[in-house]
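The structure appears below as structure tokens.
Every read-out reported here was derived from the displayed coordinates using simple, explicitly stated rules and does not represent laboratory data. Quick caveat: nothing in here was measured; it's all calculated off a predicted structure. Note that we place each Cβ from the backbone using ideal geometry, even for glycine, and neighbour counts take in every protein chain shown.
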Amino acid sequence: MKFRPLHDRVVVRRIDAEAKTAGGIIIPDTAQEKPQQGEVVAVGLGARDAQGAIQALDVSVGDRILFGKWSGSEIRLEGVDYLVMKESDVIGVVA
């Protein structure tokens with residue numbers, strides 16, 4: 001991928017949710033919600049503070065993250081769907 005996000009933005013690839021419930025019921029594609037978990041593919045350099053110094057991001061490439069349901073802007077690069085969002089839209093890193 002030849003895309004570098006600016007400032008405090010991150011590029012995320014969604015991780016598909018399970019198509020089956022815990023009880024074994026298969027959920028059709030039309031009834032599934034978009035997953036709120038993804039893998040960080042690229043990160044920006046960081047936001048600038050009031051003095052102009054760059055504040056590094058807390059997430060890094062390869063991290064599995066949770067994000068809000070309506071977070072980010074959807075883009076398509078080289079046939080793959082990604083989300084571009086600010087680091088503040090990230091809820092947390094899955095350990």
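Between residue 7 and residues 5 or more places away or on another chain, which pairs have amide H atoms under 5 Å apart, with H built 1.01 Å from N, and which residues are they?
Amide H to amide H, under 5 Å and 5 or more residues apart or across chains, residue 7 pairs with 45, 46.
Under the Karplus relation 6.51 cos²θ - 1.76 cosθ + 1.60, θ = phi - 60°, what is the ordered set of whole-Hz ³J(HN,Hα) values for region 36-41, x standing for Gly and Pro?
Values, residue by residue: 10, 10, x, 10, 6, 9 Hz.
Would you calculate the separation in nanometres between label points at residue 53 and residue 73, each defined as 7 Å from the Cα along the Cα-to-beta-carbon direction?
It works out to 3.0 nm between the two label points.
For labels at residue 15 and residue 37 in the simple 7 Å Cα→Cβ model, what's the distance in nm?
Simple spin-label model gives 0.5 nm for this pair.
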